[in-house]
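Here is the structure we will look at, set down as structure tokens.
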Amino acid sequence: MIELCKLTQNDRYQFEIQWSDDLVQRFRLSDLQERCPCARCEQGKRDVNPAVMAMKLTKVGNYALKIQFTEGCSKGIYPFELLREIGS
């Protein structure tokens, strides 16, 4: 099982994750909010501000991240599997 080893906020708009297999991926917060996996966002259109920032990034157990955005939906829990798929 791949685990999150290190979480680094690069600037106000993006952060990096280093995984237990040494892969490092970068994530833009607006891209993540656009792909919010919560039930409400899955059903409708998402209006995402490209300048959205995170107030808080919280690890959920050993399987996901919860992101509290400065605006818009913050209900989604982002499983590590999803993050691995969409990270650059």
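What follows is calculated from the coordinates using simple rules that are stated; it is not laboratory data. Since we're looking at a predicted model, the values are computed, not measured. Positions of Cβ are backbone-derived with ideal geometry, glycine not excepted, and every protein chain shown enters the neighbour counts.
Simple rule: put +1 on each Lys or Arg Cβ and -1 on each Asp or Glu Cβ in segment 1-71, find the dipole, and look at Val24, Gln68, Tyr13; the Cα lying farthest toward the positive end is Gln68.
Eigenvalues of the alpha-carbon gyration tensor of segment 1-72, scaled by 5 and square-rooted, set the equivalent ellipsoid semi-axes at 22, 15, 10 angstrom, largest first. Annotation: Cα Rg of segment 31-87 relative to the compact-globule expectation 2.2 N^0.38 Å equals 1.06. Of Glu42, Glu34, Glu16, the residue with the greatest mean-square motion in the GNM of the chain, using alpha carbon springs below 10 Å, is Glu42.
Per-residue ellipticity at 222 nm, computed for the chain from helices alone with -39500 (n - 2.57) per DSSP H run of at least four residues, works out to -4500 deg cm²/dmol. The dipole here belongs to the chain: it is taken about the Cα centre, uses +1 on the Cβ of Lys and Arg and -1 on the Cβ of Asp and Glu, and is about 320 debye.
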